Every structure is written in structure tokens, then in C-alpha cells.
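Read-outs throughout are calculated quantities, based only on the coordinates presented, and are distinct from any laboratory measurement. Note that the structure is a prediction, hence the values are computed from the model and not measured. Cβ atoms come from the backbone with ideal geometry, glycine included; neighbour counts cover every protein chain shown.
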Amino acid sequence: MIKAIWVLFFSLLLAGQTFARPVPLNLEAAVAKAYSANLDLQTLKKQVEVERAGEAKARSVFYPKLGLETRYESFSSAYIRQSGSTSGAFLEWNVFNGFQDRFVLQAQGLAKQGSELRLAKFEQSLSWEVGLSFYRLLAAQEKINLFEQALLRNAQQKEMARKRKAAGLVSAADVLEFDLFESSLRSQRLTHASDFREAQAALRRILGDEEQSDFIPEGKLTHYHLDESLAEVLGRLNAGNVAISTGKLEVARAESMAKNVNGGFLPKLDLRATYGSRGLEDTLTAPETMLMGVAKWELFSGFDTLAARREAAARVAQAEASLRANSIRARSEAEGAFTRLRSLQEQVDFEVKSKDQALKYYSAVSDEYRRGIKNSSDLRGASGQVLEVELRDINHRLEFFEQKVRVEMAMGGPLKLSLGGVVHAE
């Protein structure tokens, strides 16, 4: 494994990219780092704090308000004119507000639940996203290793061709064929080195790494077999899908706000008590206590309440339509990804067998080439087939993991899987 890391490191240097010392990283460490430093996760945590504070603020209206006040008052009529300052303590309490405050608190509580749910689901999905980014980096590394092995095989084959040419058994064209294949391999290796750097950058972003670390993945491309049916997956959608779950909360929140608007048609009742001195005479009076109840019923507000009611009804309909759309989208996403998963599972199993066959074929062709039965094109073609099968195997394994994450994101929970074959990183 250490040898593969340094081979990869020097390959990237040859590609024109300079890095700091390689930093080995396994999947478990990557997930732990993401939980502690991912910026999107930190943003969601702060959003939960905002919603919790909003709920506390909405609850505060149910408590009385106590404070100190001072004001200047002036009264005048045909018979009397008085003015002066008033100061003292006051106590105010809204006794009835058409149930508006209650529904605002209920809506804010639902908003808090939604933010907490999104945070919980994001924390769960973050491990899947880190895993996907990690496996993309691992696949890019494995592809570079495969091209290193292919270049080594090609060098050995070219040496055999040179010896046969020196013996007069083949022409210069046979050696040139291996030179041409070497150029193609080096060109493709540069492409995968570029892919590796892009995968590194993507992993650094999701990990919240601000040090531009040169992560080198440790591990293996694991292959799994599905242990549950499509019906079981779809059965978990409504309870686990984050868009569906938060959509239900949004519908309930919109309904609460609609009920809040209806309170605008009802009267309001407030209580007020003051204690202090009134300076409306030439001299200040002794401190006095005043109790007051205020009942208010707004009969006309420029159709404001009616417009707000129509707006609230439209928001409820909008939330319900969004929920239905999210349900359809989640089902379609899960069905498509699960179907592709089934196919990829069989493809990887098939490629494992194909890889064994390609290696046996290459061994047989190499032996026959030494005995003069096969020519240089046959040998180069057999080596190319080994590389082609190995690349397909890696691509299918990686796509399986990508589709797996799509299904898990859609249903909001891990798939039931059993361990299949693996490709070990060199």
C-alpha cells in the first residue's frame, strides 16, 4: 500500500502538479472529519438554533410585559386644559388575540421540527456523501495503479520484442507497436491523474478541509449484494425521505398560519395596570394605581384580513402540491436507482469472472509468443484486454456505490446489503 501511495505521488508530479507530503486517509477518519468540520453541517446547526430561538420568541407573547415608563400628556377642552408628565411602572397582558398567537407558536414549533429533521437527515446523509467522494478518489487511485501495472507489462513485452528482433524473428514494427501502446497508456494515465486531483478537491470541500491536504485514500473498493426488494425500499420512502417528511411539516405549518389569519376576524382583549405619579396638575399627585381593560374589534381593515386569508389558503395548496411532487420524485428516484443497482450487481459479478479469464488468456498468449506461435499484436491485445476488463470492473463498482447512495438518499436510510467481491488497492 505504501508503495502504491508513492507511485501515485510521483505520477502526479509528472503530471505537472506539486503537492505537500501525502496524507493517508481511511473512510472512517474521513467521516469523522466531515462531522467536525463540514461547513454545510455547521450552517444547518446554526439554523436549528435560529428556529429554536424563534419558538422561544413566539412563546414569549403569552407572558405579561412589565416595565417602567414616562410620558408627557396634554388634555384640553372648552372648560379645562391640563398637561404634564406621568411616570411609573406598568404591567400589560394580552388576554385574547383571536388565537393568533397560539397558531404562530404552533407554526414556529413545526419550523423548528423541520430544521431539526433536516439536520438529522443531513448528518445521516453526510456519511454517505463522504463515502461516495472517498470511493471516487479511491477509484481514481486504483485506475492510476492499473496503468502503472499496464506500463510495466508493456515494458516487459517490448523487451521480449527487442530480443526477438535481434534474433531476426520479428521486424522493427513489432517494437514500434509497443512504443505506440506505451504512449497511449501514458496519455490515459495523465487523464486519470487529473481525475484524481479533481476527486481530491471534491473530498476536501465536503470534509471542510481548509489546509488543502493531499489526501491519499486507504482501503478497497468494496462490492455488495442487495438483500431487500424494491417493494421494501418503496415501503420506507414515506417515513424516511427528508423531502417528504419536511413537506408534511410544511403543510401542517401552512395550515397553522391559515388558522392564525382567521383570528383577524375576532376581537382582541388586553389588560393594563400602572402605578405612578400623574403630573397633570400644578403639583405632582400622590402615586396611584390604575387598572384598565381594553376590548378591540376591528370591523374594517381595508380588506387586509381577507387578502391574508386568500394568501394563506394558497400557501396551504402550494405546500400540499409540493408534498405530492416530492413523493412522486422520491419514488421515481428510488425505482430508477434500485433497478440500475440490480444490473450493476450482476455486471460486477460478471466482470470478476471476466478478469480471471482475461488474465488466463494473457498468460497463455505470453507463453505462445515466447514460442513464436502468437505475434506482437496478439500479445499487446491480450494485455489491453486485461486493462479494459479491470477498468470496467472499477467503473461498475463505483457506479454501484453511486446508485446505492441515490437509493439511500431517497428513502432516508441504509440499504440492506451483504458483502460481495472486492478489489484491493495496491
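For this structure, a couple of remarks:
- A cut-off of 5 Å between modelled amide H atoms, ignoring neighbours fewer than 5 places along the same chain, links Val170 with Lys165.
- Of Glu228, Glu73, Glu210, the one that fluctuates the most in a GNM where the chain has Cα springs shorter than 10 Å: Glu73
- Positive minus negative residues near Gly168 (Lys, Arg vs Asp, Glu; Cβ under 14 Å): +3
- In the range 248-401, a dipole from Cβ-located charges (positive for Lys and Arg, negative for Asp and Glu) runs towards its positive end, and of Phe303, Asn326, Leu249 it is Asn326 whose Cα lies farthest in that direction.
- Candidate lysines for bridging to Lys355, where Cα separation is under 18 Å - those fewer than 8 sequence places away on the same chain excluded: Lys143, Lys220
- Relative to one another, the C-alpha centroids of the range 79-119 and the range 227-261 are positioned 32 Å apart.
- 19 Å Cα-Cα reach of Lys163 towards lysines, excluding residues that sit fewer than 8 places from it in its own chain: Lys374
- Per-residue ³J(HN,Hα) for the range 268-277, Karplus 6.51 cos²θ - 1.76 cosθ + 1.60, θ = phi - 60°, Hz, x for Gly and Pro: 10, 9, 10, 10, 9, 10, 10, 9, x, 9
- Residues whose amide H comes within less than 5 Å of that of Tyr224, counting only those at least five positions distant or on another chain, are Gly420 (H built at 1.01 Å from N in the peptide plane).
- Along its three principal directions, the equivalent ellipsoid of the chain from the Cα gyration tensor extends over semi-axes of 76, 25, 15 Å, largest first.
- Pairwise FRET efficiency - Lys353 versus Ala32, Cβ, R0 = 35 Å, nearest 0.05: 0.40
- For the chain, leaving out every one of the chymotrypsin sites (Phe, Trp or Tyr not before Pro) that falls in a DSSP loop and has at most 16 other Cβ atoms within 10 Å, the longest unbroken run is 100-296.
- Cβ-placed point charges (K, R +1; D, E -1), dipole of the range 288-426 about Cα centre in debye, nearest 20: 320
- Additional length obtainable on full extension of the chain from Arg59 to Leu271, 0.36 nm per residue less Cα span: 74.5 nm
- Only lysines eight or more places from Lys296 in sequence, or on another chain, were considered; those with a Cα closer than 29 Å are Lys57, Lys65, Lys259, Lys268.
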